[in-house]
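Single-structure report; data block below.
Nothing in this text is a laboratory measurement; each read-out follows from the coordinates by a stated rule. Note that the coordinates shown come from a computational prediction; the quantities given were computed from them, not determined experimentally. Note that each Cβ is placed from the backbone with ideal geometry, even for glycine, and that neighbours are counted across all protein chains shown.
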There are 4 protein chains.
Amino acid sequence: MAWQTESIMARKGVAKGVRGKSHTITEAEQGKYHYVYGPYFDKVLTVDPGAVVAAETHDAFEGAIKSETDVPSKILNFPFLNPQNGPIWVNGAEKGDTLAVYIESIVPRGPQPRGTTVVMPEFGGLVGTGNTALLNAPLPERVKKLEITAEHGTKWNDKITLPYEPFIGTIGTSPEIEAISSLVPDYYGGNMDLPDVGVGAIIYLPVNTAGALLYLGDCHAAQGDGELCGVAIEHPTVTTVQIDLIKGWPIHWPRLETKDFIMTIGSARPMEDAARIAYRELCRWMAADYGFDEIDAYMLLTQAGRVRLGNMVDPKYTLGASIKKSFLV
Amino acid sequence: MAWQTESIMARKGVAKGVRGKSHTITEAEQGKYHYVYGPYFDKVLTVDPGAVVAAETHDAFEGAIKSETDVPSKILNFPFLNPQNGPIWVNGAEKGDTLAVYIESIVPRGPQPRGTTVVMPEFGGLVGTGNTALLNAPLPERVKKLEITAEHGTKWNDKITLPYEPFIGTIGTSPEIEAISSLVPDYYGGNMDLPDVGVGAIIYLPVNTAGALLYLGDCHAAQGDGELCGVAIEHPTVTTVQIDLIKGWPIHWPRLETKDFIMTIGSARPMEDAARIAYRELCRWMAADYGFDEIDAYMLLTQAGRVRLGNMVDPKYTLGASIKKSFLV
Amino acid sequence: MAWQTESIMARKGVAKGVRGKSHTITEAEQGKYHYVYGPYFDKVLTVDPGAVVAAETHDAFEGAIKSETDVPSKILNFPFLNPQNGPIWVNGAEKGDTLAVYIESIVPRGPQPRGTTVVMPEFGGLVGTGNTALLNAPLPERVKKLEITAEHGTKWNDKITLPYEPFIGTIGTSPEIEAISSLVPDYYGGNMDLPDVGVGAIIYLPVNTAGALLYLGDCHAAQGDGELCGVAIEHPTVTTVQIDLIKGWPIHWPRLETKDFIMTIGSARPMEDAARIAYRELCRWMAADYGFDEIDAYMLLTQAGRVRLGNMVDPKYTLGASIKKSFLV
Amino acid sequence: MAWQTESIMARKGVAKGVRGKSHTITEAEQGKYHYVYGPYFDKVLTVDPGAVVAAETHDAFEGAIKSETDVPSKILNFPFLNPQNGPIWVNGAEKGDTLAVYIESIVPRGPQPRGTTVVMPEFGGLVGTGNTALLNAPLPERVKKLEITAEHGTKWNDKITLPYEPFIGTIGTSPEIEAISSLVPDYYGGNMDLPDVGVGAIIYLPVNTAGALLYLGDCHAAQGDGELCGVAIEHPTVTTVQIDLIKGWPIHWPRLETKDFIMTIGSARPMEDAARIAYRELCRWMAADYGFDEIDAYMLLTQAGRVRLGNMVDPKYTLGASIKKSFLV
């Protein structure tokens, strides 16, 4: 953990980015998983800043799709999708604070084939949906079950193997009074499906209510930009995160930090609004913390900004806008 | 109540569209108003199908803006906006049913000037917002307080008077497990801000959870198409509705019926998706209940469909698509 | 012609709104019809302000679809669609001027069944298209041929007759250096498919190049809001317009005037941008010509503005925003 | 030129990807630059497949912005922006063919400071525009003039230097009958502002009319994803391309090939439609040329596709969707 000692988490966190007590949230400890991000549920765990939590996450279908002959539309029971671990209460967290979550490791678990991806009706980036509501007939449903190991990645077929590049598809804090489906990404995080939320990154999340109430789940073994058909390589994992708390550094949308860059994350429709949110937040961050005039930041990002498309399939689309730390001088 | 005896409510409702017991929800009976549509709150009233409920609604600011010198951004406390009466439990309502709500009357209440409209930062159809996130400076804030009577309408200024054309800005049932801000419109209704939801109309709402859990509020004394600056003529009222319950007629989005037309209502971003939802629902309705081939319905709506823009300012935009009953032969 | 004597055309036009010399553009006089709006073609007619022009318009398919067994995708030859009469050179017109076009009459012509509407692949509001590019299979193609008379309207089937409510689907001036497909609507007019552009209305169009170069065509016998499947009741006509020229009153987007209201017309994607364009132009018009403060206009339109959806199917969507003249006091 | 010998251009091109005759288009040879992509202008050069053309490109402002005290809105004369070299007639090219353009080199030219970027009114990704038409006041205008060398890149300020990563902002073939502003990107290429169109890449463009009529210009010394403020590091160059012609391989949107990946390019609004176009074209390409079932391609891209945002500021937004060649097995 080299660069992390210089991270925002280390510099601003209550725990100074130092690993604290270790906790687990096994399936048994979790008990009932959650399908919304909200303040209306009993906390499953209480931690201090610095805590390290290893959570047994389910796949997005809670393991219900077991075979390539399964028919997703008959098995899945909306809105009980995308099960989440949590909520985790973080001691001392208050509205206006920021939660820092360092993603320490993601390890696949469960019997093979552990991986699942599907094409299902009215969902996906190249089909009519409940929002882009059309009269065309849906595509036929299709299920792929895939073997995954951390060492060898995902065996797509005899010729193609996808490297194991796991990340957390859904992570966030609770809204203050809303309880939002875990299928939705928004200002508090949620179902962003952004591959940068991977091992070694720190994600910063706004605290909207006492205790922050962190949820997470929906880990992907691999995903392309946009999560095109709507379903990445879904798999159950043990995901380990280190949680810190930052006072006096309020943020309005999720932020992310790696060794090389800082990123802001926007979720909205149409897609250009997600890009606007992400880039405006980045302009403001550069102005607030890195000494830029806001318009100079705007002009520099024009030449040096980078965009990562998370999803183009969820109820809101997600993009991350980033700039290399080497430009923040 | 002439045409109503032939309405869908009268033909399909458990109470056959007949007025039942009368109830009130005064401010005192309501107690705490709600800012989300969800299943996590105690019901304020339990009724049988046929019940008539007279509710004292607040304006969208809960009366907090009292003077034209008030500064909305200093007074308003997001997310505690758009207070709602309810939830009303309807006996017998189950997921998959449909609630029918006939809007019997809307009467302004409270001391003059009762009406309020404002321009506030980051909200409105012709300004940058939290979603259409821009670097431009916001417009200056402005408040207008307006006298309203049912007889004479809203006195805009010495030269202009707006007729009193009241409607319910926000009405809907609870989602099954979500609790969504009352600022949002969606499949369950909510903050549609659609002027057709006015006196004499029947709105049909999907039931998503036991008891239906009806909420309503946010009545407008007048509103143009799109609710352009984001704030109609907001005013407190006594709003009286007759509630019926329809079994075996599931719907996916709100529908509306008047003497002359049937309408389907979609809410989404971008705006074309709201239009697609509304028109697809109308095609399907015409196919299911009026004997049309779905593609014939599509072609006829091309020649005879009508669109009403509700709002172009809320988290989702709302449009209603309608066709005259005279074409449904 | 009562209200027209008080119209903007009458008050500001070079010809004071007075009917001048009469001209025709028969099919023979037109010769080759045009499929783009641009400055690169010989003028078909030169007129003075005040001129009345009766043009023989083709239907949008140039008459190629003759039978209900025709298959549009095999017959139509993109981009040679939506044939236009013109260009008409207006003497004295210069960049920065405004053309006023009063729509005097639209009369159906040609052998019965004169009317045509179709469902064709990759075109329409409720299907995937070349822009909303999806993998779903297209709908089956379908053609309806319809009898139309001015007296009795369009006979849809044995039970339904659509009143004859004709309007000009496509009308506009030439861009300065671009030549844009006649399928596109934009700042110069073009394929707006807005039913308000009907008999008795005056449309105002920006002049972008010397002579204005007016084009028109694509008359519809009836059309619903949004032109849902992409094809209204297309029919050939004799369309008669009176053309005037306004100096010193530059406009940026088409405007429209009737006895009762003034309207501004925006075309863009996504649809909310079309609405923003239309409403901003209306704010600015009210400020420039009717004594409103721009923000007051914005607030009044919030209460009294009206929106008409022209098309939700063309390369840009078109909306008109209007306000009653009775509010412009 | 190692991988290029295995490129599609080399395998399918009339000239087999072999360098042919060398040509120049100096400023003097070009004479009048063009501001539209269309078929209405005299060709500036006629070449055979294989030809190598070195063109003296202007910057997007045709050199008009010379000092940081210049005020863009007073100097620039819309629509005479983004001057283009061409059209180049390619012998043998017919509608339905594909042009292959290998970008051999881009070399900055002209006196220092050669580079220009500006913030100007109603243009950019984080401001209201002519389409996203708002009432907010525009940002103040700002000009930055920058020294550029191929060796050292662009000196942004004393602390920041941007590496020289040049690409062609605007390149494409003529539409068949339209003449479209060089500010617009679309199916024929145009103002895509996509950094992947850089030195060493091959771009494939659909031929829409005899001779193909290739235009190019608008080279950027550096640009971030999205070209946020609307203006990259604009600079005049000598840009050298090798042109080949492919018969019997029709394409509907631009494609791009590098050593490592193949890419499809979509341009549309809203942004999700650009993404849909790009990804659908990629699915179809994988199905047509690489042996994939179309739905399998869709599912694999879900896991392994990459998206590059070109611009979020032009009349249409541009994205490229790509997949590594190593997955095309």
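Just a few scattered comments:
- Shortest-first nm distances, A:Thr46 label point to equivalent points in other copies (7 Å, Cα→Cβ): 3.5, 8.7, 9.1
- Built amide H within the under 5 Å cut-off of B:Ala201, gap 5+: B:Ile103
- Annotation for A:Pro79, label-to-label distances across the other copies: 1.2, 4.6, 4.8 nm (shortest first, one decimal, point 7 Å from Cα along Cα→Cβ).
- Restricting the chymotrypsin sites (Phe, Trp or Tyr not before Pro) of segment C:197-263 to loop positions (DSSP other than H, G, I, E, B) with no more than 10 neighbouring Cβ atoms within 10 Å leaves nothing.
- A cut-off of 5 Å between modelled amide H atoms, ignoring neighbours fewer than 5 places along the same chain, links A:Leu228 with D:Thr302.
- For the protein assembly as shown, the dipole from Cβ point charges (+1 on Lys and Arg, -1 on Asp and Glu) about the Cα centre works out to 0 debye, to the nearest 20.
- For B:Arg269, nonlocal amide neighbours, meaning residues 5 or more places apart or on other chains whose placed amide H falls under 5 Å from its own, are B:Tyr317.
- Most mobile listed residue (D:Ser182, D:Ser73, D:Ser105) in chain D, GNM with C-alpha springs under 10 Å: D:Ser73
- For chain B, a Gaussian network of Cα nodes joined below 10 Å ranks B:Ala288, B:Ala297, B:Ala222 by mean-square fluctuation, and the top entry is B:Ala288.
- Tilt relative to chain B, helix B:271-289 - C-alpha long axis, 0 to 90 degrees, to 10: 20
- C-alpha long axis of helix A:294-304 to longest principal axis of chain A, angle in °: 50
- Karplus (6.51, -1.76, 1.60) ³J(HN,Hα), θ = phi - 60°, over segment D:313-329, in Hz, Gly and Pro reported as x: 9, 7, x, 10, 7, 10, 10, x, 10, 9, 9, 5, 4, 5, 8, 8, 10
- Among the GluC sites (Glu not before Pro) in segment B:121-199, those located in a DSSP loop and surrounded by at most 14 other Cβ atoms within 10 Å of their own Cβ are B:Glu141, B:Glu151.
- Of the GluC sites (Glu not before Pro) found in segment C:1-76, those in coil by DSSP whose Cβ has at most 14 other Cβ atoms within 10 Å are C:Glu68.
- Reachable aspartates and glutamates from C:Lys66, criterion Cα separation under 20 angstrom, eight or more residues apart if same chain: B:Asp296, C:Glu27, C:Glu56, C:Glu141, C:Glu147, C:Asp218, C:Glu234
- Counting neighbouring Cβ atoms within 10 Å and putting the fewest first, the residues A:Asp97, C:Asp70 line up as C:Asp70, A:Asp97.
- Quotient of Cα Rg and 2.2 N^0.38 Å for the protein assembly as shown, N being how many residues it contains: 0.91
- The residues B:Leu245, A:Leu319, A:Leu183, when put in order of fewest to most other Cβ atoms within 10 Å, stand as A:Leu183, B:Leu245, A:Leu319.
- Taken over the C-alpha atoms, chain A has Rg and Dmax values of 19.0, 57 angstrom.
- For segment D:242-322, a Kirkwood hydrodynamic radius built from all Cα pairs, placed in the Stokes-Einstein relation at 37 °C and 0.692 mPa s, yields a translational diffusion coefficient of 249 µm²/s.
- Relative contact order, whole percent, for chain B stands at 23, derived from Cα pairs under 8 Å and 6 or more residues apart.
- Student exercise, chain D dipole from Lys, Arg, Asp, Glu Cβ charges, in Debye to nearest 20: 320
- The Cα center of segment C:9-78 and the Cα center of segment C:165-226 differ in position by 11 Å.
- Dipole size of segment A:85-227 about its Cα centre, with +1 on Lys/Arg Cβ and -1 on Asp/Glu Cβ: approximately 520 debye, rounded to the nearest 20.
- Per-residue mean of C-beta atoms belonging to partner chains within 10 Å, peptide C:315-328: 2
- Highest-MSF residue in chain C out of C:Gly17, C:Gly291, C:Gly110 [GNM, Cα springs under 10 Å]: C:Gly291
- Per-residue 3J(HN,Hα) values for segment D:11-24, derived from phi via the Karplus relation 6.51 cos²θ - 1.76 cosθ + 1.60 with θ = phi - 60°, read 7, 10, x, 4, 8, 6, x, 8, 4, x, 5, 8, 9, 10 Hz in sequence order (x marks Gly and Pro).
- If R0 equals 30 Å, the separation of the Cβ atoms of D:Thr5 and A:Lys155 corresponds to a calculated FRET efficiency of about 0.40.
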